[in-house]
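*Asks:* One structure follows; several queries about it will come next.
The values are calculated or read from the model by the stated rules, or taken from the named source; none is laboratory data. Remember, it's a predicted structure, so these values are computed and weren't measured experimentally. No Cβ is skipped: glycine too gets one built from the backbone with ideal geometry, and neighbour counts run over all protein chains shown.
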Amino acid sequence: MLPVITASVPLLEPPGWATAQRQLFDLLDRAWRRFARDFTGPDGRLRYRGTLTSRDGVDDFYEVFFNWPQLYLLGGADDLLEQAERHWEGVTRQLTELGMLKDEYERGYDWFHQGESLLLLYFLCMAAPDRWRGRAVRFAELYVDPRHGNYDPEHRVVRRPHNGSDPRREGLFDGDTYPWLPKEADTYGFPLDWILPYGAEQPPLDADPRLGAEMRRRMGSGDTAVNLAATGLVLNAWILTGDRRYADWIAQYVGAWRDRAAANGGILPDNVDPDGNVGGLLEGRWYGGHYGWSWPHGWYSVGHAAIVAALAGAAVTGDDSCLDLVRPALDEIIAHGKVMPFTEADSSIRSKWMPQLGEDVHTPTFHVPFRYGDQGWFDHNPMLMAVPTALWHHTAGAADRARIEHLRAAAGHDWRTVRPFRSKEEAGHEEPWLAFLAGDNPDYPEKILAAAQAQVRHRLARMERHRDRDVPEADIHLWQQSNPVVTEALVHLTWGGPQVVYNGGLQQARLRYHDATAGRPGLPPSVAALVSSIDPEATVVELVNLDPEHARPVIVQAGAFAEHTIRSAEYSTCTDPSWIGDLYDYGHRAPAVESATTDVGGPWLRVDLPRSSRIRLSLRLALRTRTPSYRSPFDGHPAETSAS
């Protein structure tokens, strides 16, 4: 039974956040249409006439559109889903022609990049599960079924760092040496830096043992921690099908890495040899694997893969101790943190932090080391908040909340500051959002919506400048940097969740919405939502219908995958019509707002919003009481009972 509440509080003066939110939806609708017109061909592919000369590049084509179906799920235009599907199809044909895919899937590459590529697929599955189930299952089978050559169930390892649909793709590169550029060497250093004798003269890149045979032998086989992001692909198949095989694979694979971490003092190692031995190819080192702790990104890659796997393990087993796959490593780098201005840090990803910190690059700020090598911890950066935020969002636990509060107290800069930037991950504003949820950043909704508008308009200007450019291979990131779809603000404000973990995560959300009239996911037209608390005992959301003429019924869903239960709902009411005044009154009175409560006992609650109305809901949630699913409230057409 689907309970129904009818809003009765009149909307007289629309709140600024509500009008700004709907304006952002309108602007985004114009922007994605302009991008599709200027940068894509008739079949949805990107306008690109070049070739791809290395194994890199697949992610850069798919990433352009990763959040287009996410915008549809938030309440974007009806035809946006069809457009996003068309772009996936077009780009897939394009990459197949370029020799990068086999059977529509990456031939073989690392999971730092595969995770980025697959976000578009995951959101398409979320938006249209029936249409995308077949492909999603086929791709997951590449890892779950050992016959495809990727997974060794005896040793519980993914057999090689570059993996995918082509079992013949071995090692880390084609040819004799890794295609390493001098700029990359200056930025990240070299893998296997301990191989070259101390004080030895730097060899040419094409004759460097760290980039040739030694790299192929020591880093080109066996498992690596970043492969943990493959659990996102298998979790997606489990949510789609409920097939126990997928849950069992996740539990087995995550369990193997948990065992290795436990044997390493709790810290997740980054490499095992083909027989499952940590450090077996690196003379016993628990660090130094491909896209691991030493090279090139450290925590930036290891931490994201680990949280994807930890959340997948918790989802399929119901055991939150899976999150201990990531917690000890997170706490270890925090323990080695120190305060310094970013301008004095040894960061290897300066281009990421300069716009994110703004003028605070000169402010003494808490930095943590992202990388570990023979010399110990190094490569200090401000804390990436995606992992600690994802932990706390999942558990709502005191310890995970205390870690966030500790990071805020140590930060050295004001977490309430909202800066107008758009990172590659379309994230990075977790700090001001967390401050808002803590109750001491009340202006955050208006500020983040203004920042989002600024980024869309900036991207529109960038698009106009580059729309006729013949893009060379070296500049294929231009499309990502021109994508005008920005969703982080809407995810925070309407779903009460962090932006998706970019390297292969599935969406987290306290709430989602469905348009009861259109029978589709997303907020209905003219409706705005603001989640101001995500405490399970008081998940608070305000819904506003700005339309002065039409009613808008909306279905509120608990969780990204209807995995939570709404126990009860307390909601605002106004039953006294005297606020309108008498016939000859020149003004109106303040509406008398009271509250009522109803039991719900399910994942969905329908809220009917008459024209120009608003309602504040305080929902008591039981977290993760239901099997995650892509089912919708329209499946089975449940009967409705009124709670108004």
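*Asks:* Please name all residue pairs, on different chains or six or more residues apart, with Cβ atoms under 6 Å, provided the first residue is in the stretch 471-486 and is closer than 21 Å to Glu184 by Cβ and the second residue is hydroxyl-bearing (Ser, Thr, Tyr) and surrounded by 14 or more Cβ atoms within 10 Å (Cβ to Cβ).
*Replies:* From residues that are closer than 21 Å to Glu184 by Cβ, the pairs are Val471/Tyr48.
*Asks:* Having 1 or more residues that are under 29 Å from Gln480 (Cα atoms) and modelled with pLDDT of 95 or more is the bar; report the helices (runs of 4 or more DSSP H) wholly within the stretch 376-438 that clear it.
*Replies:* Numbers: elements: 386-395, 398-411, 430-437.
Per the criteria, 386-395, 430-437.
*Asks:* Considering the stretch 193-236 alone, what residues qualify as being part of a helix (DSSP H, G or I) and under 27 Å from Ala136 (Cβ atoms)?
*Replies:* Taking the stretch 193-236 and keeping what is part of a helix (DSSP H, G or I), we get 205-207, 209-211, 213-219, 225-236.
Result: Ala225, Val226, Asn227, Leu228, Ala229, Ala230, Thr231, Gly232, Leu233, Val234, Leu235, Asn236.
Listed here are the residues, each with its yes/no results for (1) crowded, with 17+ Cβ neighbours inside 10 Å; (2) in the same structural domain as Ala427 (by TED's automatic domain parsing); (3) in a loop (DSSP other than H, G, I, E, B).
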position	(1), (2), (3)
Glu283	no, yes, yes
His297	yes, yes, yes
Ala305	yes, yes, no
Asp331	no, yes, no
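*Asks:* Of (1) surrounded by fewer than 24 Cβ atoms within 10 Å (Cβ to Cβ); (2) under 20 Å from Pro146 (Cα atoms); (3) in contact with a Pro (Cβ under 7 Å, 6 or more places away or on another chain), Thr224 satisfies all except one. Which?
*Replies:* (1)
*Asks:* Another one. If I go through the stretch 61-90 residue by residue, how many of them are in contact with a Phe, Trp or Tyr (Cβ under 6 Å, 6 or more places away or on another chain) and either at pLDDT below 95 or among the hydrophobic types (A, V, I, L, M, F, W, C) (or both)? Explain how you work it out, then say what you get.
*Replies:* Within the stretch 61-90, the subset in contact with a Phe, Trp or Tyr (Cβ under 6 Å, 6 or more places away or on another chain) is 64, 69-70, 80-81, 84, 87.
If we keep only those that are either at pLDDT below 95 or among the hydrophobic types (A, V, I, L, M, F, W, C) (or both) as well, we get 64, 80-81, 84.
Number of matching residues: 4.
*Asks:* Please state which one of Val339, Val361 is outside any loop (DSSP other than H, G, I, E, B), touching a Ser or Thr at 6+ places or on another chain (Cβ under 7 Å), without any contact (Cβ under 8 Å) to a residue 24 or more places away in the chain and assigned by TED's automatic domain parsing to the domain that holds Ser294.
*Replies:* Values: Val339 fails: without any contact (Cβ under 8 Å) to a residue 24 or more places away in the chain.
Step by step, each of Val339, Val361 is checked, and only Val361 is outside any loop (DSSP other than H, G, I, E, B), touching a Ser or Thr at 6+ places or on another chain (Cβ under 7 Å), without any contact (Cβ under 8 Å) to a residue 24 or more places away in the chain and assigned by TED's automatic domain parsing to the domain that holds Ser294.
*Asks:* Checking Glu464 against (1) more than 23 Å from Val554 (Cβ to Cβ); (2) assigned to a loop (DSSP other than H, G, I, E, B), which test does it fail?
*Replies:* The failed condition is (2).
*Asks:* Right, something else. Which condition does Ser347 not pass, out of (1) modelled with pLDDT of 95 or more; (2) closer than 26 Å to Phe190 by Cβ; (3) not in a loop (DSSP other than H, G, I, E, B), if it passes all the others?
*Replies:* Answer for Ser347: the failing condition is (3).
*Asks:* A further question on this structure: In the stretch 467-501, which residues are out of contact with any strand residue (DSSP E or B) (no Cβ under 6 Å at 6 or more places or on another chain), in a helix (DSSP H, G or I) and among the hydroxyl-bearing types (Ser, Thr, Tyr)?
*Replies:* Within the stretch 467-501, Ser482 is the sole residue that qualifies.
*Asks:* Looking only at the stretch 590-622, count how many residues are of a type in the set (A, V, I, L, M, F, W, C) and crowded, with 18+ Cβ neighbours inside 10 Å.
*Replies:* Residues of the stretch 590-622 that are of a type in the set (A, V, I, L, M, F, W, C), as a first pass: 590, 592-593, 596, 600, 604-605, 607, 609, 615, 617, 619, 621-622.
Now drop any that are not crowded, with 18+ Cβ neighbours inside 10 Å, which leaves 600, 604-605, 607, 609, 615, 617, 619, 621.
Total satisfying the criteria: 9.
Residues are listed down the side, and each one gets a yes or a no for (1) hydroxyl-bearing (Ser, Thr, Tyr); (2) farther than 30 Å from Thr177 by Cβ; (3) crowded, with 21+ Cβ neighbours inside 10 Å:
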| site | (1), (2), (3) |
| --- | --- |
| Ala18 | no, yes, yes |
| Gln23 | no, yes, no |
| Asp56 | no, no, no |
| Leu71 | no, yes, yes |
| Gly76 | no, yes, yes |
| Leu80 | no, yes, yes |
| Arg86 | no, yes, no |
| Gly115 | no, no, yes |
| Leu118 | no, no, yes |
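*Asks:* Does Asp270 count as over 13 Å from Pro161 (Cβ atoms) and touching a residue at least 24 places away in the same chain (Cβ under 8 Å)?
*Replies:* Numbers: over 13 Å from Pro161 (Cβ atoms): no; touching a residue at least 24 places away in the same chain (Cβ under 8 Å): yes.
Against the criterion (over 13 Å from Pro161 (Cβ atoms) and touching a residue at least 24 places away in the same chain (Cβ under 8 Å)), Asp270 does not qualify.
*Asks:* Give, as residue ranges, the strands (runs of 3 or more DSSP E) completely inside the stretch 569-625 that count at least 3 residues that are under 25 Å from Gly496 (Cα atoms), among the small types (Gly, Ala, Ser) and under 42 Å from the mean Cα position of the chain (by Cα).
*Replies:* Because the criterion is at least 3 residues that are under 25 Å from Gly496 (Cα atoms), among the small types (Gly, Ala, Ser) and under 42 Å from the mean Cα position of the chain (by Cα), the strands (runs of 3 or more DSSP E) in the stretch 569-625 that meet it are 594-602, 613-622.
*Asks:* Write out, first by first residue and then by second, each pair whose Cβ atoms fall under 6 Å of each other, whose residues are 6+ apart or on separate chains, and whose first residue, in the stretch 1-16, is closer than 11 Å to Leu605 by Cα while the second is modelled with pLDDT under 95 and part of a strand (DSSP E or B).
*Replies:* Met1/Thr641; Leu2/Glu640; Pro3/Thr641; Val4/Glu640; Val4/Ser642
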